[in-house]
Amino acid sequence: MSHKHQTLGEFIIENQAAFKYSSGELSRLINSIRLAAKVVNHEVNKAGLVDIIGAAGETNIQGEDQQKLDVLANDKFIQTLTNRNIVCGIASEEEDDFISINSQDENNQNKYVVLIDPLDGSSNIDVNVSVGTIFSVYRRVTPVGTPVTIEDFLQKGNQQVAAGYVVYGTSTMLVYTTGAGVNGFTLNPAIGTFYLSHPNMEFPLDGNIYSVNEGNYIHFPQGIKDYIKYCQKEEGDRPYTSRYIGSLVSDFHRNMIKGGIYMYPKCSPKTNGKLRLLYECNPMAFLAEQANGKASDGYTRIMDIQPTELHERVPFLCGSRNMVEKAEEFIQLADPK
Ligand code: AHM
Ligand code: MG
C-alpha cells in the first residue's frame, strides 16, 4: 500500500505481522500511546487559553518545580495505560518510584513495561514553544503474572522493543520505532487522526547544526569546548549554525530532518549533565540509531550503558553519525579514559 493517506491505526495493523514477537500486545500499547498523545495534545493546545499554566506547587524527585501540564500529561498517560490494562509496569520521570499494575491479578499476562517522560521541556510551555512526550518500551525480565520489580526497568537501552516521541509543535507529530526504522505521523487536528507523513526518517550522515546550551560553556569538559570551537571555525563547510530550543524532542526532530548534533555534556566534574538515561537518552538513542544516526556519552554507546537507578543522568551526544563521531574524537583526545 502506498503510504499516501495511511493512518497510524492502519500502519500499526499492517506492520504488526512484521514484528517478530507479534501478539498484538505491542500494537495495543502503541495505540494507547496514540490515544494519550491526542488527549495531551488537546490540553497543551489549550494552555494559552485557560489558566492552567504555572507551577502546581509540587516538586518532582529532581527537585524541579512541576508545572500543571506536566502533572496532567503524567496522569493522562498513566491513566490510559492503566485503564486499558495494557502494560504491567510504568516508570515516569515525574514519579519517584515505578508503578506496578494489577500486581495482585494473576491473570495479568502483560509483558511490557513503559518508561515515559510525559512532558519534556516543560519550561517552554509558558512561552508557547514546543514541548514533547518521550516513551520507551521493554519486555519485562521477571516472570509474567508476578509484580514487576526494579530489574524490569533497569535494562540497557539495547533491550528496547519500541521507543518514540510526540512533538507538540506547529503541528503535532508522533514519531516512533519498533526496531525497523523510524516513521513519523502528523495529527490532523480537525478529525483527530495521525497520518503517515514522514516514512523512514533518517539523519543525514553529516549536518551543519549544533545544539547545546552554550550558557554552560565554561563548565564543559575541554573536549566539548574544543568541539564547539571546531564547529565555529571557518573551514570547509564550517562554521556550523547553532540552534537550541531547550526542548530535546524539538531539537532532535529538527536535527534528524536537517542534519545536526544535540549535546548535553557534563556541566561540572561532579555532575553527569541533565538528561535522564532511562526517560530521555535511551529512547532518543534508539530512534537515532534506527534513523542511521548515533548516540553516545562521548566514550560509550548510550544503549550499552547499564542503568543503576531509575532517575540517573548521563552526558548525551546524539545526531548525525559523522558529527557525533567527530565530537567523540575531541572528547577522547582531551580526556582519554
Ligand atoms: P525536563 O525534563 O525537566 O523538561 O528537562 C529536559 C530538557 C530538555 O528537553 C532540554 O533539551 C533541556 O532540558 C534543556 O535544559 P537547559 O535549559 O539546561 O539547557
Ligand atoms: Mg524531561
Projecting the Cα atoms of 269, 306, 320 onto the charge dipole of the stretch 222-337, where Lys and Arg contribute +1 and Asp and Glu -1 at Cβ, the residue farthest towards the positive end is 269
Residue 128/residue 75 FRET efficiency (R0 25 Å; Cβ-Cβ; nearest 0.05) | 0.65
For the chain, the percent of all C-alpha pairs falling in each 10 Å bin, from 0 up to the bin holding the max distance, is 6, 26, 35, 24, 8, 1, 0
To the nearest 20 debye, what charge dipole does the chain have about its Cα centre, counting +1 at the Cβ of each Lys and Arg and -1 at the Cβ of each Asp and Glu?
-> 780
Let me know the charge dipole size of the stretch 209-334 about its Cα centre in debye, to the nearest 20, where only the beta-carbon of Lys, Arg (+1) and Asp, Glu (-1) is charged.
-> 240
GNM result for the chain, Cα springs below 10 Å: residue of 261, 13, 209 fluctuating most strongly = 13
Taking Lys and Arg as +1 and Asp and Glu as -1, residues besides residue 165 with C-beta under 11 Å from its C-beta add up to -3
Could you state the angle between the C-alpha long axis of helix 25-46 and the longest principal axis of the C-alpha atoms of the chain, as a value from 0 to 90 degrees rounded to the nearest 10?
-> 70
By average C-beta atoms within 10 angstrom, highest first, the peptides 183-192, 80-89 | 80-89, 183-192
The answer for residue 89, listing residues at least 5 apart or on another chain whose modeled amide H is closer than 5 Å to its amide H, is 101, 114
Semi-axes of the stretch 111-259's equivalent ellipsoid from the Cα gyration tensor, sqrt of 5 times each eigenvalue, largest first, rounded to whole Å?
-> 31, 22, 16
Using r as the Cβ-Cβ distance of residue 206 and residue 144, and R0 as 45 Å, what FRET efficiency do you calculate, to the nearest 0.05?
-> 0.50
Dipole check, the stretch 197-320, charges on Cβ (K,R +1; D,E -1), about Cα centroid: among 255, 205, 221 the Cα furthest to the positive pole belongs to 221
Stretchable slack from residue 241 to residue 190, in nm (0.36 nm times residue separation minus alpha-carbon distance) | 14.8 nm
Can you figure out the FRET efficiency of residue 5 with residue 219, using R₀ = 41 Å and their beta-carbon distance, to the nearest 0.05?
-> 0.25
Considering only the stretch 183-296, what is the antiparallel percent among its DSSP beta bridges, to the nearest 5?
-> 55
Note to self, the chain gives a 222 nm [θ] from helices alone (DSSP H runs n ≥ 4, -39500 (n - 2.57) apiece, / all residues, nearest 500) of -8500 deg cm²/dmol
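Read the figures in this text as sums done on the coordinates, not as results from a lab. What you are looking at is a predicted structure, and each value in this text was computed from that prediction instead of being measured. Glycine gets a Cβ as well: all are built from the backbone with ideal geometry, and neighbour counts include every protein chain shown.
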